[in-house]
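**Q** Got a structure for you, questions after.
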Amino acid sequence: MEQDKQISQKKKKRKKARTVRIRRLSYLIGSLLFVCTLTVMFGLSFDFTDRPSFSESEKRELASFPKLTVSALFSGDYFDDINLWFADTFPFRDSLVTTSTNIKKMLGIGQSIHHFSENTGDAIPDAEDTSQDYVDINAGQPEQASTPDLYKPALPADNPQNSQQGGGEKENAVEQNLGAIYIYDDSAYEYYNFVQSTADKYVSAVNAAATSLKGSGINVYNMIIPTSMDIKLNDKTRGKLNSSDQKDAINYMYSKTDSSVKTVALYDLLKAHRDEYVYFRTDHHWTSLGAYYAYAQFMTVKGAQFEQLSNFTQYQFDGFLGSFYTDTGKNQNLAKSPDTVYAYMPPFNVSFRMKEKGAADFIDWPLICDASDYSESYKYLCFIGGDNPISVIENKDMQNGETCVLVKESFGNAFAPYLACNYQYVYIIDYRYYDGDITDFAKEKGATDLILQNNISMTRNQSLVDKFSETL
């Protein structure tokens, strides 16, 4: 028995020793793999030739390698900018950011996916209704060229994209609240909460621009764009949601605007066309149709003729899955029916130049790029080369000297090409990236009109309103 006991103990010791050896070998192999991975990633991090320049997950351009100047070198800014470039353009950064976001969502961390959360906004003070009459842009047009036909995607009759949200509630519709984004059936919407202090600062910036330009002969226009939440979502469902009334908010801001500023009311206009394809479902922007209606309304307020849509050359880019799709972790309710991006080239000989962020010179670029081969989330970049500090459209067929300056964020990208039908020069400034004084620029260029265009979400964003104010 004693001998058997000793044999058993020896077996246990051998088994334990083997387990320890296997565990140590596993640790060694794991450590070697970890070190090799770190070595590879470290080497890739210093690859200057294949670093990303655009973040698909964040929908923004990444930092570029800084230019060496004497002042930047001695101030330390040069090395700070290198650190920013290094971190911002790390290889596989987008995949790592997306993975981190998905992990956080699984753990219930950071559920506010878009720019703002579903919070109760400030009470909106009473104001006069600033609605304006709008024209039927299809009046007198050939039946086959009617706007709804032009803009409805060529999809099978049973495709969900053909059913419009404005018609009423749908039976068994999927509803999801994802922080700042609300999903209803196959479409997403962003909550809006009115912030009076920020709205007042926005109006003050508009009024300051008007004061600066008084006596210059430059007309100032204020155009606040509603978002799809209040236009496309059916009224019964919309009434249940904790989102501020956009029409009341716009009326309030317009009522506080200086009388010398001409306001362009779009809410009722877009609401009248809610059953048409005026907003994307998977992205927060309006479509070219929504932008065209705004162009026609702007020209009506200006007292000018607008170009009929049937005279434009149409481009169609299918398979667009935009910011809502990306921000919701590629939600499958949105994925089942991708959007279609339509773009319209003015019927004139036009040229387009743009100056990219950090660039010293303008470059020639297509006014409308062929986005057929762009990835699914990039297709809205077909308009005016995306977001750049300053761009210019020249209508070479026009010699009237009419010049406008459009101050915008990304909603203005789909709007800007239409202006080439009425102005010889269209200067486009994205105030988020522009460092100059816009009113001085408008005077320098002999502008006829200064158009201040923003979607309503911008008017509650303190940092954007601050930047807007700094440039005016």
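The values are calculated or read from the model by the stated rules, or taken from the named source; none is laboratory data. What you see is a predicted model; the values in this text were computed from it and never measured. Here the Cβ is made from the backbone with ideal geometry for all residues, glycine too, and neighbour counts use every protein chain on show.
**Q** Would you say Gly446 is modelled with pLDDT under 95, more than 26 Å from Tyr252 (Cα to Cα) and of a type in the set (Gly, Ala, Ser)?
**A** Values: modelled with pLDDT under 95: no; more than 26 Å from Tyr252 (Cα to Cα): yes; of a type in the set (Gly, Ala, Ser): yes.
Taking the combined requirement at face value, the residue does not satisfy it.
**Q** Tally up the residues in region 232-248 that are under 21 Å from Gly179 (Cβ atoms), part of a helix (DSSP H, G or I) and touching a residue at least 24 places away in the same chain (Cβ under 8 Å), please.
**A** We begin by selecting, within region 232-248, every residue under 21 Å from Gly179 (Cβ atoms); these are 232-233, 237-246.
Narrowing the set further to residues that are part of a helix (DSSP H, G or I) leaves 237-239, 246.
So of that shortlist, the ones also touching a residue at least 24 places away in the same chain (Cβ under 8 Å) come out as 237, 246.
So the count comes out to 2.
**Q** Would you mind finding the one in Ala416, Ala371, Ala420 that is in contact with a Cys (Cβ under 6 Å, 6 or more places away or on another chain) and of a type outside the set (Lys, Arg)? Talk me through it step by step, then tell me what you get.
**A** Values: Ala416 fails: in contact with a Cys (Cβ under 6 Å, 6 or more places away or on another chain); Ala420 fails: in contact with a Cys (Cβ under 6 Å, 6 or more places away or on another chain).
Going through Ala416, Ala371, Ala420 in turn, the sole match is Ala371.
Conditions tested, residue by residue: (1) surrounded by fewer than 22 Cβ atoms within 10 Å (Cβ to Cβ); (2) of a type in the set (A, V, I, L, M).
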{"position": "Gln314", "(1), (2)": "yes, no"}
{"position": "Gly319", "(1), (2)": "yes, no"}
{"position": "Gly322", "(1), (2)": "no, no"}
{"position": "Tyr325", "(1), (2)": "no, no"}
{"position": "Asn333", "(1), (2)": "yes, no"}
{"position": "Asp339", "(1), (2)": "no, no"}
{"position": "Ala343", "(1), (2)": "no, yes"}
{"position": "Ser351", "(1), (2)": "yes, no"}
{"position": "Lys355", "(1), (2)": "yes, no"}
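**Q** Next question. When you check Ser310 against the structure, is it surrounded by 21 or more Cβ atoms within 10 Å (Cβ to Cβ), of a type in the set (S, T, N, Q) and in the same structural domain as Ser187 (by TED's automatic domain parsing), yes or no? Give the steps one after another, and end with the answer.
**A** Numbers: surrounded by 21 or more Cβ atoms within 10 Å (Cβ to Cβ): no; of a type in the set (S, T, N, Q): yes; in the same structural domain as Ser187 (by TED's automatic domain parsing): yes.
No; evaluated as a whole, the condition is false for this residue.
Listed here are the residues, each with its yes/no results for (1) in the same structural domain as Gln316 (by TED's automatic domain parsing); (2) closer than 19 Å to Leu309 by Cα; (3) buried (at least 21 other Cβ atoms within 10 Å of the Cβ).
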position	(1), (2), (3)
Val392	yes, no, no
Gln399	yes, no, no
Leu406	yes, no, yes
Ala414	yes, yes, yes
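**Q** Among the residues that make up region 143-157, is at least one of them among the polar types (S, T, N, Q), closer than 24 Å to Leu419 by Cα and modelled with pLDDT under 95?
**A** Quick first cut of region 143-157, residues among the polar types (S, T, N, Q) only: 144, 146-147.
Narrowing the set further to residues that are closer than 24 Å to Leu419 by Cα leaves 146-147.
Next, from what is left, pick out any that are modelled with pLDDT under 95: 146-147.
Yes, the conditions are met somewhere in region 143-157.
**Q** Would you be able to say whether some residue in region 313-322 is out of contact with any helix residue (DSSP H, G or I) (no Cβ under 8 Å at 6 or more places or on another chain), of a type in the set (Gly, Ala, Ser), more than 22 Å from Ile456 (Cα to Cα) and outside any helix (DSSP H, G or I)?
**A** Restricting attention to region 313-322, the residues satisfying the condition of being out of contact with any helix residue (DSSP H, G or I) (no Cβ under 8 Å at 6 or more places or on another chain) are 313, 316, 318.
Among the residues that remain, those that are also of a type in the set (Gly, Ala, Ser) are: none.
Checked against the condition, which is being out of contact with any helix residue (DSSP H, G or I) (no Cβ under 8 Å at 6 or more places or on another chain), of a type in the set (Gly, Ala, Ser), more than 22 Å from Ile456 (Cα to Cα) and outside any helix (DSSP H, G or I), region 313-322 yields no hits at all.
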